[in-house]
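No lab work stands behind these numbers, since they all come straight from the coordinates. Everything numeric here is computed off the predicted structure, so don't read it as measured data. Neighbour counts are summed over all protein chains in view; Cβ atoms, including those assigned to glycine, are modelled from backbone coordinates with ideal geometry.
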Amino acid sequence: MDNSDTSVWEIVCSKDKFDDLRSDDRFLALLTLARFVNALRFCQQAVIDAQNKDAPSGSRQRINSFLFASSVLYEGFRVAESLKKYYRDLNSFKNGFAILLKDGYKSLERNVPQTYEE
C-alpha cells in the first residue's frame with residue numbers, strides 16, 4: 001500500500017506582497033517551521049522507502065533516518081520556542097506547540113550531554 005501524498009501545494013502572491021512579507025519576522029518564522037516540517041517529512045519518507053529492504057543498505061537507511069529525525073526533532077523544539085514570540089496568543093499555538101514545549105523540550109534539554117572546553 002502506497003501512503004505517499006502526491007498532492008502539490010502552490011502558494012501565490014503579488015511581488016509587492018512578497019516584498020512586504022520577506023521582511024516580516026512572523027512570516028520568516030513560519031518559513032523556518034516549513035523547513036522543519038520538510039526535513040521531518042524527508043526522514044519519514046526515507047523509512048517508508050526502506051521498510052521492505054532487508055539488505056544492509058536498507059538497515060543503514062532506517063538507522064540514518066532515525067538519527068537525522070532525532071536531530072530534526074530537537075531543533076524543531078527550538079523552532080517552536082521561537083514561534084512563541086509571535087504566535088503565543090493564538091489558540092492553535094496554545095493547544096499545540098505550547099503544550100509540547102511545557103512538557104517535552106525542557107526534559108530533552110536536561111538530558112543533553114554537556115560539552116566542556118579544556
Inset, instruction - Kindly give the semi-axes, whole Å and largest first, of the ellipsoid equivalent to region 19-110, taking each as the square root of 5 times a Cα gyration tensor eigenvalue. - result: 31, 17, 10
Legend entry - Contour minus Cα-Cα distance for L100 and A55 (0.36 nm per residue): 12.5 nm
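Tell me, what is the percent relative contact order of region 19-110, built from C-alpha pairs under 8 Å that lie six or more residues apart?
Rounded, it is 27 percent for region 19-110.
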Legend entry - Residues of region 70-88 with amide N under 11 Å of the 7 Å Cα→Cβ point at R26: 86-88
Legend entry - ³J(HN,Hα) computed for each position of region 83-93 - Karplus, 6.51 cos²θ - 1.76 cosθ + 1.60, integer Hz, glycine/proline x: 5, 4, 4, 9, 10, 4, 7, 7, 4, 4, 6
